[in-house]
Amino acid sequence: MKANICLMAALFAAYAVPANAIEFNAGRSSLRISGYGTAGMIEPDFDKPDFIGDFRARAQFGYRATDAYSFGAVYSIDAAALDEGRPLREAFGFFDARGVARIEMGVMDSIARKLGLGLPDVGGLRVNDKPLFYKKIHADGPVIADTILTTGRRALRLNVASAQMGAVQGGVSVAGGTDDFDYAVDAGLKIKSSAGKTKTAFSLGASFMDRPDNYRTDTYTPRVTADWRAQASMGMNLQYNSWVFGLNGRVIYDQNPVGRAADGLALGTGVSYDILNYSVSLSYIFSDTGIWHKDAPDYADHTVVASFRYKYSENVDGWMSIGMTTETPFVAAGMRITF
């Protein structure tokens with residue numbers, strides 16, 4: 001009953017707002033609102049069904065001062081942030097110099113994550129960002145579920161990203177002003193090529209965090225206290241006609257950690273295919289924690305997720321997924337509304 005009520009509410013919210021009401025323009029000013037809502041069910045061990053819900057909403061205000069310069073602000077909220085007791089996902093101001101650079105200041109993802117590449121996924125389980133199935137399935141050990149580099153969204157951060165120069169775009173981040181760590185520095189690079197039928201994209205990321213103190217960026221790993229944390233990531237997407245192949249990986253190392261190990265590596269690969277209103281995908285993620293420290297327990301987790309999506313209309317689609325973690329098989333299905 002609870003699932004049916006939530007699903008009906010999500011459908012009503014999507015249809016109650018006309019498509020032309022999510023973007024407003026007044027002279028040089030603009031306001032754009034976008035997001036999605038998902039409601040569905042999951043059955044771990046194919047046993048007792050349980051409700052799952054997910055959403056994200058994002059509002060961006062912009063003002064075009066001249067043809068070359070603009071500035072504005074962004075606020076977004078999602079289910080993952082609320083799960084952590086936070087009232088926002090991102091909140092920042094930005095300045096754009098067209099063809100040169102974009103500067104962002106506030107609470108947000110680092111440039112390494114923003115330029116990172118995720119796995120092909122057509123389902124509604126949020127495979128690339130704190131996966132929903134781990135809310136219902138508790139692994140026997142710590143799992144690095146996000147294969148894209150992250151240093152969290154809790155600290156005050158400055159992002160500087162270059163405009164895309166040919167096929168290349170890069171940037172740096174500096175974060176601080178928090179009790180969770182002294183400071184963090186991130187860098188990201190993306191290279192894209194879209195010539196002909198084959199489109200490719202590559203990403204690289206690196207991060208250094210000084211003195212993390214009882215800090216956790218990955219929901220399914222212990223909090224980390226260490227001298228410092230270093231991370232590196234890579235990603236690749238290859239698209240040919242309706243086929244998309246993806247590969248990514250993330251390595252985390254903590255120097256002199258206190259307590260249970262939270263570092264290690266996560267590797268992922270996947271493929272998807274689109275035809276008319278139908279899409280299918282298959283994703284695999286391998287996580288291994290404790291591999292850098294001889295006195296730490298080593299825990300490895302394998303996760304496979306196969307998903308199917310049917311697009312009913314421009315804003316509404318239905319999805320179903322079947323998968324398995326190291327210990328638990330599951331099946332899930334639901335509806336997603338985008339706006």
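Picking from Ala300, Leu189, Asn128, whose Cα lies most toward the positive end of the charge dipole for the chain (charges on Cβ: Lys, Arg +1; Asp, Glu -1)?
Positive-end residue among those listed: Leu189.
What is the fewest-to-most order of Asp317, Asp298 by other Cβ atoms lying within 10 Å of their Cβ? List each step's numbers first, then the result.
Working: Asp317 21, Asp298 14.
Fewest-to-most ranking of Asp317, Asp298: Asp298, Asp317.
Give, as a single signed number, the net charge of other residues whose beta carbon lies under 15 Å from the beta carbon of Ser70, with Lys and Arg counted +1 and Asp and Glu -1. Don't jump to the answer; show the numbers that get you there.
On the way: positive: Arg28, Arg32, Arg64, Arg98, Arg102; negative: Asp67, Asp96, Glu104.
With Lys, Arg at +1 and Asp, Glu at -1, the neighbours total +2.
Using +1 at the C-beta of Lys and Arg and -1 at the C-beta of Asp and Glu, which of Ser34, Ile52, Ser321 has the Cα lying farthest in the positive direction of the dipole of the chain?
My answer, from the dipole projection, is Ser34.
In this model, which of Lys136/Lys199; Lys135/Lys192; Lys130/Lys199; Lys48/Lys114; Lys48/Lys294; Lys199/Lys311 are farther than 30 Å apart at the alpha-carbon?
Working: Lys136/Lys199 36 Å; Lys135/Lys192 34 Å; Lys130/Lys199 27 Å; Lys48/Lys114 37 Å; Lys48/Lys294 39 Å; Lys199/Lys311 24 Å.
Pairs exceeding 30 Å: Lys136/Lys199; Lys135/Lys192; Lys48/Lys114; Lys48/Lys294.
Magnitude of the Cβ-charge dipole of the chain, K/R +1 and D/E -1, about the Cα centre, nearest 20 debye? Before the final figure, lay out each step's value.
Values: 34 positive and 36 negative charges, 237 e Å.
So the magnitude is around 1140 debye.
Counting only C-alpha contacts under 8 Å and six or more residues apart, can you give the relative contact order of the chain as a whole percent? Display every interim value, and only then the final one.
Values: 945 pairs, mean separation 52.6, N = 339.
Computed value for the chain: 16 percent relative contact order.
Counting other beta carbons within 10 Å of each residue's own, what order do Arg309, Arg28 fall into, fewest first? Kindly include the intermediate steps, with their values, before the conclusion.
Working: Arg309 21, Arg28 11.
Lowest to highest Cβ neighbour count: Arg28, Arg309.
Considering only Asn277, Leu158, Ala333, whose Cα is most displaced toward the positive end of the charge dipole of the chain, charges sitting on Cβ of Lys, Arg (+1) and Asp, Glu (-1)?
Of the listed residues, the answer is Asn277.
We did not get these values from a lab; they are worked out from the coordinates using the rules stated. Here the structure is a predicted model, which is why all the values come from computation and not from measurement. Backbone-built Cβ (ideal geometry, glycine too); neighbour counts: all protein chains shown.
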